[in-house]
Amino acid sequence: MTKRMIRWGVSVLQLAELFVSSVVHLLYGFYIFSSAVAGDLSLALNECLFRPNTNAGVKDDLPGGASTNAENLPPIVLVHGIFGFGKGRLGGLSYFAGAEKKDERVLVPDLGSLTSIYDRARELFFYLKGGRVDYGEEHSNACGHSQFGRVYERGHYPEWDEDHPIHFVGHSAGAQVVRVLQQMLADKAFNGYENTSENWVLSITSLSGAFNGTTRTYLDGMQPEDGRTLKPICLLQLCRVGVIIYDWFDIPWLKGYYNFGFDHFNLSWKKIGVWGLVDCLLGNSGPFASGDWILPDLTIQGSMQLNCHLQTFPNTYYFSYATKRTRKILGVTVPSGIFGIHPLLFIRVLQMSQWRHPPDVSPPYKGYRDEDWQDNDGALNTISMTHPRLPTEHPCQFVKNDSECQQLQPGIWYYKIVEGDHIMFIVNRERAGVQFDLIYDSIFERCRKHVFRKSAPTLPNEAHQ
């Protein structure tokens, strides 16, 4: 009787936690969406009331202007993480909180917010080079989706090659997307582009990057036994149902505003009908059935499978900012504060700091220890963000101050640990305060002044000095 009461009590607590987490996530999603709509309405109203003088103050983009100098710089590409969005989605809202305005040549691609790391890497390539996204015939057949996706009439950097390399900055899962893309370039994995190489990537900067997986995936509903399947009742099941219904209704203006990225799975009611929707909801078809979505890639097991094929290349510069919102008190890891952690993440910071791998389940790798994975930022474990370390550790060097990074060596992961939660440096720059500018200024300065293969490029504001 006592054991039954304990099990019943635990079940009630789990359901209460699920309810609270669901409400918090829904409210935050509504806040982001409504903020974007309010911003667009305000902008439209201002344009109606105060029409700008189109004959005055027009920026000269003709050859010979400052824009020409900017075009000589390698682009800095900001790659968003899970549930993220690029330029053109959610109206005028910026995923990187306006950091893209700090440099004259920054690209912010819009990739699938829940699609797999593999699919997002393919999308990123064609976003830059142009053409129709090709997910690969073998992969598409295995995962049950169309081989081809959206069309980019003209790439955002069609001249991209070894002589015109790119700086990448990835937040969260975006960092792993860039690593997979670089490996694809090295493996010449794009049909019709036989000259690709790893040297197309000049530098990779990770901001809270998901290199080695996260224990949060198990808290949200991934099974720790395999890292691929979902628990019957969990936050991710609610997410799965919501995403399927959203894509099935296929409301054009709504999907134009925000898209989870599953268009190549053809989940629209026009294509699969009511029975197709039932089939997806039952888990018999679609991205969640095939495992071709982002959460399996973010488990420790899934990240290790990816990392088995990913290299750190000798001619590319690597830097990583790992975030944490925990500290130790009398040997116990706890959240480092209450008011400094976003409400969306506070419960998860606490849960991840107390994470214990199920004793009846085999650990994800040899030498696994719970205490190594307790420091976290509410979404990722700090140990996962420093550098690729599983299943084999890549060359790395801890950095205390950014000033130590003016003489970088390629092929080494330089990493710094920063106090902040997982969304400290995105969406709302006011939360990070001066730290926001310090982080992004150091990233852009490093890309422009300390990372280059031949000779230092001429910056636009230095062209006439």
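Along the charge dipole of the chain, which of Gln182, Asn72, Ser116 sits closest to the positive end, that is, farthest toward it, with unit charges on the beta carbon of Lys, Arg, Asp and Glu (+1, +1, -1, -1)? It is Ser116, whose Cα lies furthest towards the positive end. In debye, nearest 20: dipole of the range 216-331 around its Cα centre with unit charges on the Cβ of K, R (+) and D, E (-)? It comes to approximately 560 debye. Across the range 223-305, counting alpha-carbon atoms alone, Rg and Dmax equal 13.4, 40 Å.
Surface composition of the range 303-452: carbon and sulfur atoms hold 54% of the protein heavy-atom accessible area at a 1.4 Å probe. Label sites at Tyr368 and Lys400, each approximated as a point 7 angstrom past Cα along Cα to Cβ, lie 3.5 nm apart. Got a sec? Charge dipole of the chain, +1 on Cβ for Lys and Arg, -1 for Asp and Glu; which of Pro410, Thr229, Asn46 is way out at the positive end? With unit charges placed on the Cβ atoms, the residue in question is Thr229.
With each label modelled as a point 7 angstrom along the Cα→C-beta vector, the Val274-Leu43 pair spans 4.0 nm. Phi angles of the range 143-148 translate, via the Karplus equation with coefficients 6.51, -1.76, 1.60 and θ = phi - 60°, into HN-Hα couplings of 9, x, 9, 5, 6, 10 Hz per residue; Gly and Pro are given as x. Database remark: amide H of Thr326 closer than 5 angstrom to the amide H of Ser336, Asn376 (H placed geometrically; neighbours at sequence offset of 5 or more, or on other chains; Pro and chain starts carry no H).
When the residues Leu298, Leu219 are ordered by accessible surface, computed with a 1.4 Å probe over the protein chains alone, the sequence from largest down reads Leu219, Leu298.
Database remark: amide H of Gln397 closer than 5 angstrom to the amide H of Trp413, Tyr414, Tyr415 (H placed geometrically; neighbours at sequence offset of 5 or more, or on other chains; Pro and chain starts carry no H).
For the range 334-426, the set of chymotrypsin sites (Phe, Trp or Tyr not before Pro) satisfying both a DSSP loop assignment and a count of at most 15 other C-beta atoms within 10 Å is given as Phe339, Tyr365, Tyr368. Axis of helix 173-186 versus longest Cα principal axis of the chain: the two differ by about 60°, to the nearest ten degrees. Between the helical axis of 235-249 and the longest alpha-carbon principal axis of the chain there is an angle of about 60 degrees. Take Val20: with every protein chain present and a 1.4 Å probe, its accessible area is about 60 Å². Think of each Lys and Arg Cβ as +1 and each Asp and Glu Cβ as -1; about the Cα centre, that makes the dipole of the range 289-367 roughly 460 debye. Along each principal axis, taking the top coordinate minus the bottom one, the Cα set of the range 58-178 gives 50, 29, 25 Å in descending order. The charge dipole of the range 96-136, taken about its Cα centre with unit charges on the Cβ of Lys, Arg, Asp and Glu (plus for the first two, minus for the last two), comes to roughly 60 debye. When all alpha carbon pairs of the chain are counted in 10 Å bins from zero, the resulting P(r) reads 4, 19, 31, 27, 14, 4, 1, 0, 0 %. Taking every DSSP helix (H) stretch of at least 4 residues in the chain, weighting each as -39,500 (n - 2.57) and dividing the sum by the residue count yields a mean residue ellipticity at 222 nm of -11500 deg cm²/dmol.
Taking all protein chains into account, the per residue accessible area for the chain stands at 48 Å² (1.4 Å probe).
In a DSSP loop and with at most 10 other Cβ atoms within 10 Å, the GluC sites (Glu not before Pro) in the range 136-229 are Glu153, Glu159, Glu194. For a test of the definition: using alpha carbon positions, the gyration tensor, and the 1.5 limit on a/c, classify the range 207-253 as rounded, prolate or oblate. It is oblate, given that a/c is not under 1.5 and a/b is not larger than b/c.
Taking DSSP loops as anything outside H, G, I, E and B, show the longest stretch in the chain free of trypsin sites (Lys or Arg not before Pro) there with at most 10 other beta carbons within 10 Å. The answer is 155-355. The listed residues Cys234, Cys308, once ranked by accessible area (1.4 Å probe) with the largest placed first, stand as Cys308, Cys234. Counting 0.36 nm for each residue step from Arg132 to Met5 and taking away their Cα separation leaves a gain of 39.9 nm.
Taking label points 7 Å from Cα along the Cα-to-Cβ direction, Gln147 and Asp226 give a separation of 2.8 nm.
The values are calculated or read from the model by the stated rules, or taken from the named source; none is laboratory data. Here the structure is a predicted model, which means the values were calculated and not measured. Glycine gets a Cβ as well: all are built from the backbone with ideal geometry, and neighbour counts include every protein chain shown. Keep in mind that these areas ignore ligands, DNA and RNA; they rest on the heavy atoms of the full protein, side chains included. Shrake-Rupley method; radii C 1.70, N 1.55, O 1.52, S 1.80 Å.
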